[in-house]
């Protein structure tokens, strides 16, 4: 694999949109307008760790006083200590158009004894940072491993390369109705996390694909059944390298595939590129996500998934999970509401509902049984309803568990959720309890017994009031428990990292 390009010259310094489909104001304007967050629980205190950052996305703790901070648009891995940026460990040439850029980081489970650092980023083909959507390789989203020598990160190897290009408006194949589809760079995913099993988990968004891993077994036909048709001008709908998207990947720390992965045997039976991709798949049927975290109590994986206009989700991700997208999002029993919202919403003006012209919302099933019958079934897979959802998009983003009792015993093991738009309330922060078996969301509000917040419209909080623990956090892209037990919250639009601590 080719070594990544480290920037030779600075790209354009522009205030581009952040998390492109969801952010309302540019980064610089948001910094000037937002007074900073408030934590609402009187048992907790809040302080700013560092500010003045450029689109920070993810963090990782080097030790009890230093942390790595990623900047989405600059491609920089910064070292922060004592409230200041003390050095730049790495400076990658990134394509930061739309939701692309330097997105995710994970340290090897035995770090620093094993001095390996993993990054998810979108490559620029120019040798400089760029927001021109075409200036990235076809497989421009990549996961690379680097070595840390105490001051700099040095490229070691590439573990994974997946599709970045979304140029679907082409005359071939004909009659898909996507000739007017605009170029995009969103739904990249980008979260990395090591599990308690020592394996690396990678969240990859659907990148606008409409193939088998989006539960269209025969591609973007009217129902997803019948004669197989290509996903796009590059082929598909089988999950070859050009159409491998909307998945959580599980890898060994060297990039090889664990033989206990849930679809490993099914992939072996298929063979070739498609089979190998299925072998490394832990979950599929995912639209997009900005949040994935392991429960420190049970060791189980949870994610957040964004709907288009209907049913954002929180999910317990069990091995082989088929999350249902595009046939269903939210509880299967609510399929009629999913279809109603997506066929009537005027929430988006610059692209069609469900994002792609070639599979419109009028094709959504009318009944739960019909939707389930259309799913792409792989031996070893299982459909799973979400553990919690919002009827209309509230747009959750980063999630993180409180690991330990650093905030006090009543917060230990709780799940915190940030949001990907600074509304309502300037960007809320929610707190969820889990049930005793750590498999469900616990609720006290009788309106939430069905684990659905039936909010009235987009970015509106009805039935979520009891979950609110903070306001004015802006767009939250990472939530991590620090070595001292406090919780760090990254705000990409405010260019800041905040610490929540016990008062």
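Looking only at the chain, where both bridge partners belong to it, what percent of the DSSP beta bridges are antiparallel (to the nearest 5)? Looking only at bridges with both residues in the chain, the antiparallel portion is about 90 percent.
Name the shape class, rounded, prolate or oblate, that the alpha-carbon gyration tensor gives for the stretch 86-166, where a ≥ b ≥ c are the square roots of its eigenvalues, rounded holds for a/c under 1.5, and otherwise prolate holds if a/b is larger than b/c and oblate otherwise. Prolate, because a/c is 1.5 or more and a/b exceeds b/c. Computed over the alpha-carbon atoms, the stretch 268-310 gives an Rg to Rh ratio of 1.12, Rh here being the Kirkwood radius from the mean inverse distance. Volume of the convex hull of the stretch 340-481 (Cα atoms only), normalised per residue: 162 Å³. Each residue in 321, 203, 292 was given a count of other beta-carbon atoms within 10 angstrom of its own, and listing them fewest first yields 321, 292, 203. Fewest neighbouring Cβ atoms within 10 Å first, the residues 100, 372 line up as 372, 100.
Full extension of the chain segment joining residue 502 with residue 484 gains 5.4 nm, where the gain is 0.36 nm per residue of separation less the Cα-Cα distance. Can you classify the stretch 41-116 as rounded, prolate or oblate using the Cα gyration tensor, where a ≥ b ≥ c are the square roots of its eigenvalues, rounded means a/c under 1.5, and otherwise it's prolate if a/b beats b/c and oblate if not? Oblate, since a/c reaches 1.5 and b/c is not below a/b. With contacts taken as Cα pairs under 8 Å at a separation of at least 6 residues, the stretch 58-396 carries a relative contact order of 12 percent.
Is the stretch 167-228 best put as rounded, prolate or oblate by its Cα gyration tensor, with a ≥ b ≥ c the root eigenvalues, rounded for a/c under 1.5, and otherwise prolate when a/b is larger than b/c, oblate when not?
oblate
How big is the gap, in Å, between the Cα center of the stretch 268-307 and the Cα center of the stretch 67-135? Centre-to-centre (Cα) distance: 23 Å.
Bear in mind these aren't lab numbers, they're just calculated from the coordinates by the rules spelled out. Everything numeric in this text was worked out from a predicted model, so none of it was measured. No Cβ is skipped: glycine too gets one built from the backbone with ideal geometry, and neighbour counts run over all protein chains shown.
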